[in-house]
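Novice: If you scroll down you'll find the structure; I have some questions about it.
The values are calculated or read from the model by the stated rules, or taken from the named source; none is laboratory data. What you see is a predicted model; the values in this text were computed from it and never measured. Cβ coordinates were reconstructed from backbone atoms using ideal geometry, including for glycine residues, and neighbour counts include every protein chain displayed.
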Amino acid sequence: MRCDRCGEREAEVHLTQIEEGELDTVHLCEGCADEKGVSAGSVGDAPLADFLAEMGKDESQAMLPAVSESCPYCGTSPEDFRRTGRLGCAQCWVHFEDQLEPLVRRIHGSTEHVGKLYLGDAAEDEDRRARLSQLRRRLERAVEVEDFEAAADLRDQIDELELVDG
């Protein structure tokens, strides 16, 4: 792929940017990337703090952990996070929670995961079996109380899940 800027050399740096709500990918050769102040090594190695500084200069510094104590579990300090853009362990999320929440909200637009979580085929099978078991119990209760409309709906759901099992 040729460089989008000069069109002469092979593109080695691929920048994806969001400008005015539009996703834009720019492919640059090493020379053009250097002229723009970006190199293949610096893009991948840039700490999160540097990335945020480019996004919002003064605002990003306020969102970095302001807690002065290091994480009691792994010892990661706020300075470590500022320098590397990485937390040391899962407990860092708890320890620095108040300072990280606005940062996560700014980057992702929310602090809650919405979407699918890939757990593999085994987890899907286990989830399906648990769902079938739950539906069967609910079906038994519906029949016991003679709620046949609900029982019919539950039966259909069970049939649908059993078809997936094969």
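Novice: Answer with yes or no whether LEU117 is touching a helix residue (DSSP H, G or I) at 6+ places or on another chain (Cβ under 7 Å) and either at pLDDT below 80 or in a loop (DSSP other than H, G, I, E, B) (or both).
Specialist: So LEU117 fails the test.
Novice: Does ASP34 qualify as being at pLDDT 65 or above and in a loop (DSSP other than H, G, I, E, B)? Step through it out loud before you land on a result.
Specialist: Working: at pLDDT 65 or above: yes; in a loop (DSSP other than H, G, I, E, B): no.
Judged against the criteria, ASP34 is not a match.
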